[in-house]
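Here is the structure we will look at.
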Amino acid sequence: MSHLATGWSRLRAWSASHGPELRLCVRSTTAAVATLAAAQLLNLPIALWAVLTAVILTQISVGRSLKATTDYLVSTLGGAVYAGAIGALVPHDNQFAVFAALAIALAPAVLLAALNPRFSAAPFTAVMVFFGPTITHTGPIAAAFERVIEVAVGCVVGLAVSLVVLPARAHDLAVKLATEMLELMARSLPELFMGFTRNLDRPTHTSIQNRIGEAFAQLDKAALEAQHERMTRLRAEPDQAPLLRTLLRLRHDLVMIGRAAVAPLPGVLGARLGPWLARMSDTVADYLHASAAALFTRQGPPPLDDVEAALDGYAAELAALRHQGLTRELPDDAVERIFAVGFALDQLHLHLRDLARCVAEFAPTRTAAAAKVAVNAGRVQ
């Protein structure tokens with residue numbers, strides 16, 4: 001009995017961690033069965049192509065399904081029309097003529113697919129339409145028409161299933177990826193700031209930046225899919241472009257900080273500025289954690305007071321060092337790093353304000369309005 005309970009617990013845990021994949025499995029299976037029923041109802045000659053189309057176009061999110069459906073339908077229509085015209089106009093009554101006609105029908109479709117990935121289905125369609133008459137015993141024009149009808153049925157059913165059966169919105173996926181990127185940056189900040197007080201090996205630094213870059217690449221792809229959802233007005237959601245730009249700028253800020261932290265600050269600079277930089281790291285990391293939680297739960301942004309206090313403290317300590325003349329004897333590279341750190345922190349502060357505004361836009365109306373007022377008040381101060 002205990003083994004059964006343990007197995008059930010493991011199955012539930014596995015299901016919880018693979019929710020998107022399981023929902024895609026259900027949608028794809030439903031799309032295939034529903035398309036087969038539609039093909040039989042419409043008496044399509046070959047239901048195979050309609051079912052394959054529905055399975056191929058049922059993607060992990062609605063936005064990705066919309067893009068895949070549009071691209072597949074356009075490329076299929078173009079390939080079918082062209083290959084059907086070649087089959088009807090170019091005679092191929094002997095073996096050499098068949099080779100030549102196939103080359104004429106296929107080469108432009110392959111070139112178009114190579115120039116524009118959205119037409120990737122055109123070569124496959126051209127081949128199917130060219131050889132369609134040998135399978136269905138119809139003419140080339142009829143084969144092209146049947147191919148378009150089969151694909152259209154698969155597109156319609158696959159897209160309908162994506163919208164109705166356990167729909168997964170690309171917008172929600174993009175928000176989830178944005179929160180994960182904020183969490184990743186929050187965890188990475190203390191490691192980057194350690195470079196100001198002790199040596200940080202280059203592989204560690206490179207690994208941090210690569211992970212953040214990969215997280216942004218995934219977010220960028222999901223945001224593009226969410227844009228397709230907004231264009232079709234399937235769901236009224238805030239524009240994700242400002243959030244995407246802000247996260248990219250925050251990533252650049254971390255790159256600048258990492259470059260400035262290639263070696264510990266020399267002598268008295270490290271002793272005086274190190275504690276303030278550590279405080280800055282902790283407060284910004286806490287702010288990014290809180291912003292990720294607020295974005296995920298659609299709450300207003302957290303206050304920036306602690307970050308601004310740490311930034312003011314660092315600026316005041318640096319001004320005191322310069323007033324005491326302790327920066328005059330520093331080598332040029334150390335001075336350049338100090339200016340780079342100051343610029344990076346100013347940019348970080350500016351982009352955290354932008355992040356607060358973006359988080360406010362994803363919050364409910366009242367919360368968002370109050371948060372925007374708070375952000376604007378902070379700017380005036």
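Quick look at the numbers
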quantity	calculated
Selection status of L355, assigned to a helix (DSSP H, G or I), of a type outside the set (K, R) and within 35 Å of the chain's Cα centre (by Cα)	yes
Tally of residues being within 16 Å of A260 (Cβ to Cβ), buried (at least 20 other Cβ atoms within 10 Å of the Cβ) and at pLDDT 85 or above across the range 189-241	4
Within the range 142-176, considering residues that are touching a helix residue (DSSP H, G or I) at 6+ places or on another chain (Cβ under 6 Å), open to solvent by 30 Å² or more (accessible area, probe 1.4 Å) and not aliphatic (A, V, I, L, M), the one modelled with the highest pLDDT	R169
Residues (over 30 Å from P133 (Cα atoms) and modelled with pLDDT of 85 or more) located in the range 30-62	T30
Residue within the range 96-111 that is under 16 Å from L73 (Cα atoms) and at pLDDT 80 or above present	yes
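Residues are listed down the side, and each one gets a yes or a no for (1) open to solvent by less than 20 Å² (accessible area, probe 1.4 Å); (2) among the polar types (S, T, N, Q); (3) touching a residue at least 40 places away in the same chain (Cβ under 8 Å); (4) at positive phi:
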residue	(1), (2), (3), (4)
I257	yes, no, yes, no
P264	no, no, yes, no
S281	yes, yes, yes, no
G313	yes, no, no, no
L321	yes, no, yes, no
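The values are calculated or read from the model by the stated rules, or taken from the named source; none is laboratory data. In this text, all values refer to a predicted model and were calculated from it rather than measured experimentally. Every residue, glycine as well, gets a Cβ built from its backbone with ideal geometry; the counts of neighbours run over all protein chains shown. The accessibility values were calculated without ligands, DNA or RNA, using every heavy atom of the protein model including side chains. Shrake-Rupley method; radii C 1.70, N 1.55, O 1.52, S 1.80 Å.
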